[in-house]
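Novice: Mind having a look at this structure? Questions to follow.
What follows draws every value from the coordinates through simple rules; no lab data is involved. No experiment lies behind these values; they were computed from the predicted model shown. Positions of Cβ are backbone-derived with ideal geometry, glycine not excepted, and every protein chain shown enters the neighbour counts.
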């Protein structure tokens, strides 16, 4: 049986027994039906991991006792994925796969062609939902480093680093400088508008081909990350 692996953001402050979050308590007590003495793995999203045993499970909380603590080097891909907000199920899927690929950060963006962009209160709820997707993906993929999830921004509000790449059909491949971090921009269905493309090109953003076919947003994000990962020598 695979050892349960759970995210615990308070792990870095632990010196003794740890009381797990309600989320982890529910999983261990109600889903897994764990018993005292069971070995579990925890990680804090910043490279620290811990092997621990379940010390006590009550009706309201689970307490664990750390055994060994280790530190993992940050091997995330030095890329921020600037991802246009698309339909919820496809956006969620892309967040999951980008996390599995080890992206450093994810920047949801609102563009001219974003379909019915959610209002501020709805975005706040979505942000919490997206964060949970990243956590689940790290738990599954045995990645001890969570990507940074940034608050959604309008495309024109973004501060663009020197090495910014935009996925765009009918262009050439691009060679990056592997010593620098990259912002990869992926547009919505229909792509970026002409006005947005003009503004980006004036800021020296480089277009990058993802192949001879027109890809959906979620496919383009994964292909783009994979191509950049190869240039960074990580795939």
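Novice: Under 10 Å, Cα contacts only: if you run a Gaussian network model on the chain, which one of 155, 146, 67 comes out with the highest mean-square fluctuation?
Specialist: Highest fluctuation among the options: 67.
Novice: Using a Gaussian network model of the chain whose springs link C-alpha atoms within less than 10 Å, name the residue from 69, 109, 166 with the highest mean-square fluctuation.
Specialist: Of 69, 109, 166, the most mobile in the Gaussian network model is 69.
Novice: Something else: How are the Cα pair distances of the chain distributed, in percent, across 5 Å bins from 0?
Specialist: Here the calculated profile for the chain is 1, 6, 13, 16, 16, 13, 11, 8, 7, 5, 3, 1, 0.
Novice: Give me log10 I(q)/I(0) at q = 0.17, 0.20 Å⁻¹ for the range 5-71, Debye formula, one equal scatterer per alpha-carbon, no solvent.
Specialist: -0.50, -0.70
Novice: When only C-alpha pairs under 8 Å and at least 6 residues apart count, what is the relative contact order of the chain, in percent? Mind dumping the intermediate values first?
Specialist: Working: 417 pairs, mean separation 45.0, N = 235.
Across the chain, relative contact order equals 19 percent.
Novice: What value, in deg cm²/dmol to 500, does the helix sum -39500 (n - 2.57) over DSSP H runs of n ≥ 4 give at 222 nm once divided by the residues of the chain?
Specialist: Mean residue ellipticity, 222 nm, calculated: -8500 deg cm²/dmol.
Novice: Let me ask you something else. Among 29, 58, which comes first, second and so on when ranked by fewest other beta-carbon atoms within 10 Å?
Specialist: By the 10 Å Cβ count, ascending, the order reads 58, 29.
Novice: As an exercise, use a Förster radius of 35 Å and the Cβ-Cβ distance of residue 61 and residue 160 to find the FRET efficiency, rounded to the nearest 0.05.
Specialist: With a Förster radius of 35 Å, E is 0.15.
Novice: Right, another one. Please compute the modelled spin-label separation between residue 148 and residue 128, points set 7 Å along Cα→Cβ, answer in nm with one decimal.
Specialist: 2.4 nm
Novice: Quick one: length gained pulling residue 113 to residue 75 fully straight, 0.36 nm per residue minus the C-alpha distance?
Specialist: My answer for the length gained is 10.3 nm.
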